[in-house]
1. Here are some conditions: (1) of a type outside the set (Asp, Glu); (2) within 30 Å of LYS100 (Cβ to Cβ); (3) in contact (Cβ under 8 Å) with a residue 12 or more places away in the chain. VAL168 meets all but one. Which one does it not meet?
2. Identify the residue in the range 213-245 that is farther than 30 Å from LYS146 by Cα, hydrophobic (A, V, I, L, M, F, W, C) and touching a strand residue (DSSP E or B) at 6+ places or on another chain (Cβ under 9 Å) and, among all such residues, is surrounded by the most Cβ atoms within 10 Å (Cβ to Cβ).
3. List every residue pair whose Cβ atoms lie under 8 Å apart, where the two residues are 6 or more positions apart in sequence or sit on different chains, the first residue falls within the range 183-211 and is over 19 Å from ALA97 (Cα atoms), and the second residue, located anywhere, is charged (D, E, K, R) and part of a loop (DSSP other than H, G, I, E, B).
4. Any residue in the range 58-68 that is outside any helix (DSSP H, G or I) and out of contact with any Leu (no Cβ under 7 Å at 6 or more places or on another chain)?
5. For the range 111-151, what are the residues that are over 16 Å from TYR220 (Cα atoms), among the polar types (S, T, N, Q) and either in contact with a helix residue (DSSP H, G or I) (Cβ under 9 Å, 6 or more places away or on another chain) or assigned to a loop (DSSP other than H, G, I, E, B) (or both)?
6. Residues of the range 89-110 being assigned to a helix (DSSP H, G or I) and under 15 Å from the mean Cα position of the chain (by Cα), which ones?
7. Within the range 107-125, does at least one residue satisfy the condition of being under 27 Å from GLY11 (Cα atoms) and free of Cβ contacts under 8 Å to residues at least 60 places away in the same chain?
8. Is it true that some residue in the range 161-178 is crowded, with 16+ Cβ neighbours inside 10 Å and assigned to a helix (DSSP H, G or I)?
Amino acid sequence: MKAMVLAAGVGSRLKPLTDAKPKALIEIGGKTMLEIVIRRLIAAGVDEAIVNVFHFPDQIADFLNGRKNFGIRIELSRETELLDTGGGLKNAAAFFADGKPFLLHNVDVFSEVDLTKLYKRHLENKALATLSVRSRKSSRMFLFDKTGTLCGWESKNEGKLEWAKGPVAGAERLAFDGIHVVSPAIFTKMTETGVFSITKAYLRLASAGETIRAFRADDYFWQDAGGLGKLEEIRRRAEEHGLPA
């Protein structure tokens, strides 16, 4: 199984910690966020991974070399400009030439989501992508119909509500965990180029009739390191309960 870790961001919300290092190498419980994510991916069956990098890329390269790539093949996808989540994934398309679904995981997400179950659910759904989501407060929400199929997107900060194929009565608003399983067929369907968000690509693909499904992860602990306060919450969690297996 293959995976991609999205680690190119500059980590502006974690300044000043990211003034001299990438957010991927910030430590939680004595391990970097990158190591925590990679070890969880390996535990789920991943044996090949690619990490996109932009901010202090050589530090990440040195870190991975020092770990002897954790016993699996790990490549870097270097970006000369930040391509955002969709552009970053598309830039690494050649890595996923085996035709098998793969895991896509944000580096700054600390979670206990069952990645094996998520992958299995994706195979059962035969979807283009399956997104780990939950009911929680967020300024951005995916909207899903009663079958758990993506039908819209909302950004409260921007005051935007977009539907894939028109309003859906009773659509459920769910926040995204930054963890997905994606089928490689997506690459031939991504008409977007350059810098773009995968969120917008998912919505466009849903409007074109592609199936993007929800995986409800409400029962699993999750927190993103989207700020110094949240990082400290994660560190306290790790101190009290240990790192996620």
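1. Exception for VAL168: condition (2).
2. Out of the qualifying residues, it is ALA225.
3. VAL195/GLU81; LYS200/GLU192; ALA201/GLU192; ARG204/GLU192; ALA206/LYS165; SER207/LYS165; THR211/LYS126
4. yes
5. Of everything in the range 111-151, those that are over 16 Å from TYR220 (Cα atoms), among the polar types (S, T, N, Q) and either in contact with a helix residue (DSSP H, G or I) (Cβ under 9 Å, 6 or more places away or on another chain) or assigned to a loop (DSSP other than H, G, I, E, B) (or both) turn out to be THR130, SER138, SER139, THR147, THR149.
6. LEU89, LYS90
7. no
8. no
All of the numbers you see were taken from the coordinates with simple rules; none came from a lab. These numbers were taken from a predicted model, which means no experiment stands behind them. Positions of Cβ are backbone-derived with ideal geometry, glycine not excepted, and every protein chain shown enters the neighbour counts.
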